[in-house]
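Q: I'd like to ask you about the structure that follows.
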Amino acid sequence: MGGIKCLVIGSGGREASIVEKIKEDGGSIIYAYMGHENPGIISATKFTGGKYIVGDTLNGELIKDFAVKNNIEITIISNDNILQAGVVDELKKANIPTFGATRKGAMIEWSKTYALEIIDKLAPEMNIKSFSVNSEEQLMETLLRYEDCEFVIKPEGLTAGKGVKVGKVHFKTKDEGNKYAKKCLIEDGLVIIQDIIEGKEFTVMGFTDGKTLDLMPITCDYSYRFDNDTGPGTGGMGCFNYSDGKLPYLTNSDIKACKDLMEKVLHEINKDNIEFTGVLYGGFFKSNLGIKVIEFNARFGDPECINIMGLLDSKFIDVARACIDGNLSDNICKYKKDTASVLVYIVSKGYALNIKQEPFEFYINQENIEKEGAKVIYSSCIKKGNKLIPTGSSRLAGIIKVGNNLQEVRNDVYELISKNVIGPIDYRKDIGYGEKRLDFM
């Protein structure tokens, strides 16, 4: 089977959705370098005549050797830890075109202090009041600024969406917050203390070739573990978008403000050399103080990527190639018109709760789900016969569907889950309730 030899590195739901999109587009032979045997990724490699390997996805040397040996023509990386490990840098040494930021470019994600400094330089009015603390004495002085526990604690490094703790939500007293902040300080040598901002959270992602930024439809992620945004933070329990690609409470000027800042950030990162291509992710609040920046990521969000892959009309490899080659333009990234999407992640009952989870199996009737026009995107699980086994404590699989009517799509997804997923699993029941979630003060 002929086609472009494409290597995708990683084994989560994000990577599985990218692989599924590449398979659907046709014209590519898919290779994969995974941390575990993701069933969806394995199926795509076999379908296209490619090859997969399970190994250390942070080892750039081994990945480079695999890519060279298999004559890979383009590599896709959209995982925070893999980008931080400098795998893109290793592949560039072998002149293998790669969609993703270098380690230096990805610093906007793996160093919160660096990100805060850039925002302060480019748009200080969009920064949340923050304190970078590097000693217990400084921590004590900083916490004296706050009454009770009305502050946010952010670890300096990567935490897969689970490290940020909000006062009165994740810790109930200043003493609890102080203990967690000290833990972060010991682990990273630095911890961020921030004001609490009241507002509505949203995500703006854009493809970039380092110079141009092409925005994707705006999505809304559900980061808390339980319904009504309660419980601990997670990597994301689900995500949706409206059919117009916007959110009801955002104006065009709000979106423009986000894009303007993101373009300035790219210019700052790439001012000496192109270090950042691929996807820039901006997490924002709309508050009564204006648009505020939560974070920047150097890759697709997960689950947001799964929704975007369901909406993208262009061939993903064409978009990736344009980002790599430096010729991204508005006519390359096309999306399905008047189309909404809903993605619900299935998780173990103990997910994000710091409780011991006994080994278990579960079952997904993928054939029935696909007959109804939806898709199963596997994440942290492997196949054992017709059953699935978790590979750790992360999210297990996502069910996604796209269509013209948000609530119809949402209802279909939940009905498919109730009829076709069997086992001791859990999921949020309120993904896609736009009107309930998005009312703005």
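Q: Which condition number does N420 fail, the rest of (1) buried (at least 18 other Cβ atoms within 10 Å of the Cβ); (2) modelled with pLDDT under 95 being met?
A: For N420, the failing item is (2).
Q: In region 206-252, which residue that is among the charged types (D, E, K, R) and outside any strand (DSSP E or B) is nearest to G100 (Cα to Cα)?
A: Applying the filter and picking the extreme gives D209.
Q: Considering only region 179-189, state which residues are in contact with a helix residue (DSSP H, G or I) (Cβ under 8 Å, 6 or more places away or on another chain) and either crowded, with 18+ Cβ neighbours inside 10 Å or free of Cβ contacts under 8 Å to residues at least 24 places away in the same chain (or both). Break it down stepwise before answering.
A: Going through region 179-189, the residues in contact with a helix residue (DSSP H, G or I) (Cβ under 8 Å, 6 or more places away or on another chain) turn out to be 181-182, 185.
Correct list: A181, L185.
Q: Still on this model: When region 367-394 is examined, which residues are found to be under 19 Å from K419 (Cβ atoms) and free of Cβ contacts under 8 Å to residues at least 40 places away in the same chain? Give the derivation first.
A: Of all residues in region 367-394, those under 19 Å from K419 (Cβ atoms) come to 367-378, 386-388.
Within region 367-394, E367, E370, K371, G373, N386, K387 meet the criteria.
Q: Now, a different point. Looking at region 183-214 only, could you name the residues that are under 22 Å from the mean Cα position of the chain (by Cα), modelled with pLDDT under 90 and small (G, A, S)?
A: Listed by number, the list holds a single entry, G199.
Q: If you scan region 1-16, which residues turn out to be of a type outside the set (A, V, I, L, M, F, W, C) and modelled with pLDDT of 95 or more? Reasoning before the result, please.
A: Taking region 1-16 and keeping what is of a type outside the set (A, V, I, L, M, F, W, C), we get 2-3, 5, 10-15.
Passing the criteria: K5, G10, S11, G12, G13, R14, E15.
Q: Related question: Scan region 143-173 residue by residue and report those that are farther than 26 Å from Y222 by Cβ and surrounded by 18 or more Cβ atoms within 10 Å (Cβ to Cβ). Break it down stepwise before answering.
A: At the first step, the residues of region 143-173 found to be farther than 26 Å from Y222 by Cβ are 143-148, 173.
Within region 143-173, just L143 meets the criteria.
Q: With the requirement that a residue be buried (at least 21 other Cβ atoms within 10 Å of the Cβ) and either over 17 Å from the mean Cα position of the chain (by Cα) or hydroxyl-bearing (S, T, Y) (or both), what does region 91-104 give you? It would help to see each step written out before you state the result.
A: Initially, region 91-104 is screened for residues buried (at least 21 other Cβ atoms within 10 Å of the Cβ), giving 91, 98-102.
Matches in region 91-104: L91, T98, T102.
Q: Look at G385 and say whether it is more than 24 Å from the chain's Cα centre (by Cα), surrounded by fewer than 21 Cβ atoms within 10 Å (Cβ to Cβ) and within 19 Å of A352 (Cβ to Cβ).
A: Values: more than 24 Å from the chain's Cα centre (by Cα): yes; surrounded by fewer than 21 Cβ atoms within 10 Å (Cβ to Cβ): yes; within 19 Å of A352 (Cβ to Cβ): no.
Considered against the rule, which asks whether it is more than 24 Å from the chain's Cα centre (by Cα), surrounded by fewer than 21 Cβ atoms within 10 Å (Cβ to Cβ) and within 19 Å of A352 (Cβ to Cβ), G385 comes out as no.
Q: Let me spell it out: the conditions are (1) more than 24 Å from the chain's Cα centre (by Cα); (2) within 30 Å of K92 (Cα to Cα); (3) of a type outside the set (K, R); (4) buried (at least 17 other Cβ atoms within 10 Å of the Cβ), and N327 meets all of them except one. Which number is the exception?
A: The one condition N327 does not meet is (4).
Q: With the requirement that a residue be more than 26 Å from R103 (Cα to Cα) and surrounded by 24 or more Cβ atoms within 10 Å (Cβ to Cβ), what does region 1-27 give you?
A: E20
Let's see how each residue does on (1) of a type in the set (F, W, Y); (2) within 25 Å of I218 (Cα to Cα):
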| position | (1), (2) |
| --- | --- |
| K292 | no, yes |
| L312 | no, yes |
| L353 | no, no |
| F362 | yes, no |
| I377 | no, yes |
| G398 | no, yes |
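The values are calculated or read from the model by the stated rules, or taken from the named source; none is laboratory data. Small disclaimer: the values here were computed from a predicted structure and weren't measured. Backbone-built Cβ (ideal geometry, glycine too); neighbour counts: all protein chains shown.
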